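Here the structure comes first, spelled out in structure tokens, and everything after it is commentary.
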Amino acid sequence: MTDEMSISSYLAQGGVLSNPSNVPPRYRAELMKMMATFVDSELAGAAGFADIINEGPGIKARIAAAKIVLEKSDSAEKVLRIMGDFGADTERYADHHPWTARLERDADIGQTRSKHDMRLAVFNYPLEGWADAVVMNLLMGSAVAVQLEELSHVSYQPLAEAFRTIQPIEAHHAELAEEGLMVLVEAQGTEALQELVSYWWPRVAASFGSETSQKFEGLKAMGLRRTPNAELKARWEQTASAVLAKAGLKPAA
């Protein structure tokens with residue numbers, strides 16, 4: 001039996017790895033893809049939100065937005081360091097990169113990734129004003145909470161620990177978005193906000209990937225996934241719907 005087969009059996013039984021040197025090639029490839037998706041999404045999300053900071057209604061809102069940008073960048077750096085342990089070219093992240101690049105507002109790309117990087121498709125859409133940013137951050141914050149709970153159990157221990165550190169930070173971002181939404185509802189009612197929810201809901205939902213993914217069982221055997229996409233998406237729908245209901249809003253049909 002080869003070492004890789006032995007490691008595969010170990011992982012399938014719930015084992016964890018902690019050193020790049022004993023990671024099988026396929027495992028490494030999937031782990032790198034997972035990390036790149038997170039890092040690129042955090043950096044693209046931070047860049048998009050940075051452009052909205054000065055549209056915040058007052059100093060407190062602007063400070064909260066600036067803190068979100070800082071913390072998302074810091075979370076990306078935590079995972080980027082682990083990518084560097086695997087020999088990834090982390091310098092390219094220090095160079096100029098079009099993190100602010102966005103498509104047209106009415107583009108409909110489903111789950112298609114950017115040609116520039118590995119960001120989730122939702123981060124290819126532009127934010128149009130403060131209310132739009134709050135609604136997007138609320139819905140995506142709920143999605144990130146579900147996704148990070150899944151990722152915090154990955155079988156590569158240093159990455160699982162990094163995600164567990166990031167979890168409460170991202171949860172707080174979602175709480176800030178909920179506070180911001182309540183302020184907006186009080187100030188302007190729900191009609192315009194409902195339109196924004198209807199815009200962002202399907203785009204955030206797409207971030208959970210295909211519900212018929214053929215890769216899930218292979219990732220589960222490697223300890224990189226535990227829960228199917230459809231179940232994760234259903235958890236998000238339940239959580240996000242409950243938050244929207246408190247504001248008198250409803251998910252997109």
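The values are calculated or read from the model by the stated rules, or taken from the named source; none is laboratory data. As the structure is a computational prediction, the values presented were derived from the model and not from experiment. Every residue, glycine as well, gets a Cβ built from its backbone with ideal geometry; the counts of neighbours run over all protein chains shown. Accessible surface areas use protein heavy atoms only, side chains included; no ligands, DNA or RNA. Shrake-Rupley method; radii C 1.70, N 1.55, O 1.52, S 1.80 Å.
Taking residue 161, is it of a type in the set (Asp, Glu), closer than 21 Å to residue 55 by Cβ and surrounded by fewer than 19 Cβ atoms within 10 Å (Cβ to Cβ)?
Working: of a type in the set (Asp, Glu): yes; closer than 21 Å to residue 55 by Cβ: no; surrounded by fewer than 19 Cβ atoms within 10 Å (Cβ to Cβ): yes.
No; evaluated as a whole, the condition is false for this residue.
Does residue 100 satisfy the criteria of being among the polar types (S, T, N, Q) and either over 18 Å from the mean Cα position of the chain (by Cα) or open to solvent by less than 30 Å² (accessible area, probe 1.4 Å) (or both)?
Numbers: among the polar types (S, T, N, Q): yes; either over 18 Å from the mean Cα position of the chain (by Cα) or open to solvent by less than 30 Å² (accessible area, probe 1.4 Å) (or both): no.
Taking the combined requirement at face value, the residue does not satisfy it.
Among what's in region 109-122 and is open to solvent by 20 Å² or more (accessible area, probe 1.4 Å) and among the hydrophobic types (A, V, I, L, M, F, W, C), pick the residue that is modelled with the lowest pLDDT.
Among residues in region 109-122 that are open to solvent by 20 Å² or more (accessible area, probe 1.4 Å) and among the hydrophobic types (A, V, I, L, M, F, W, C), the one modelled with the lowest pLDDT is 109.
How do the helices (runs of 4 or more DSSP H) wholly within region 125-235 filter down when requiring 3 or more residues that are farther than 18 Å from residue 45 by Cβ and touching a residue at least 12 places away in the same chain (Cβ under 8 Å): which remain?
Numbers: elements: 130-151, 157-188, 191-205, 216-221.
Once the helices (runs of 4 or more DSSP H) in region 125-235 are filtered for at least 3 residues that are farther than 18 Å from residue 45 by Cβ and touching a residue at least 12 places away in the same chain (Cβ under 8 Å), what remains is 157-188, 191-205, 216-221.
Determine whether residue 192 is of a type in the set (A, V, I, L, M) and surrounded by fewer than 17 Cβ atoms within 10 Å (Cβ to Cβ).
Working: of a type in the set (A, V, I, L, M): yes; surrounded by fewer than 17 Cβ atoms within 10 Å (Cβ to Cβ): yes.
In short, yes.
Determine which member of the set 174, 145 is within 14 Å of the chain's Cα centre (by Cα), open to solvent by 40 Å² or more (accessible area, probe 1.4 Å) and over 30 Å from residue 21 (Cα atoms). Let's see the steps before the verdict.
Values: 174 fails: open to solvent by 40 Å² or more (accessible area, probe 1.4 Å).
On inspection, the qualifying residue turns out to be 145.
Name the helices (runs of 4 or more DSSP H) wholly within region 1-92 that hold at least 1 residues that are surrounded by fewer than 17 Cβ atoms within 10 Å (Cβ to Cβ) and in contact with a Cys (Cβ under 7 Å, 6 or more places away or on another chain)?
So the answer is none; nothing clears 1.
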